[in-house]
């Protein structure tokens, strides 16, 4: 009796399993996406197209307008320029209007400043020490200013940008009355008189 019951139960279970399998066929597997470029595959549009590129993290720099400058001297007034003058004085020997090597080097450096600031108009002042008559010193100061102008023009500075004046012994650098003071007072000095920017 027990053996028949067990056998019957197994037969019933087998019949139920077969019936369940017969009603629901196994699902068809989804074929993998074909690989583009592989023989036998076809090229398909990707399911998720790539996102468009975002804005660049560092936008390209725009060249500055050459007429716009951040150099304060380029737009300064003559008074502002002369307050902290970029020019050095050229010194002369006693009773001389000859430019020595040091004076020529100084004027060459001053020419570089004038080349950078093309809108500046300058005056070269000729100065002397206190010795000699006022008339003599005015003439000597004039020759010193002209010597400096001639040298700057020879370096390419337009003569239209340069004026000259002689002050003789009227405006000493050093008010002393010895050789050291006199050496400082024998000079050609550049001042800016116009900035035509």
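The values are calculated or read from the model by the stated rules, or taken from the named source; none is laboratory data. The structure displayed is predicted, hence computed values, not measured ones. Virtual Cβ from ideal backbone geometry, glycine too; neighbours counted across all protein chains shown.
The single condition among (1) more than 29 Å from residue 73 (Cα to Cα); (2) touching a helix residue (DSSP H, G or I) at 6+ places or on another chain (Cβ under 8 Å) that residue 96 does not meet is (2).
Looking only at residues of the stretch 67-88 that are part of a loop (DSSP other than H, G, I, E, B) and touching a helix residue (DSSP H, G or I) at 6+ places or on another chain (Cβ under 7 Å), we find that the one that is surrounded by the most Cβ atoms within 10 Å (Cβ to Cβ) is 87.
None of 139, 147 is buried (at least 21 other Cβ atoms within 10 Å of the Cβ) and modelled with pLDDT of 95 or more except 147. Taking the condition surrounded by 17 or more Cβ atoms within 10 Å (Cβ to Cβ), farther than 25 Å from residue 195 by Cα and in contact with a strand residue (DSSP E or B) (Cβ under 8 Å, 6 or more places away or on another chain), does residue 152 pass? So residue 152 does not fit the description; no.
Checked against (1) at positive phi; (2) touching a residue at least 60 places away in the same chain (Cβ under 8 Å), residue 121 passes all but a single condition, namely (1). Against the conditions (1) assigned to a helix (DSSP H, G or I); (2) surrounded by 20 or more Cβ atoms within 10 Å (Cβ to Cβ), residue 104 satisfies every one except (2). Taking the listed residues 160, 129, 174, 142, the one that is in a loop (DSSP other than H, G, I, E, B) and under 42 Å from the mean Cα position of the chain (by Cα) is 174, with no other qualifying.
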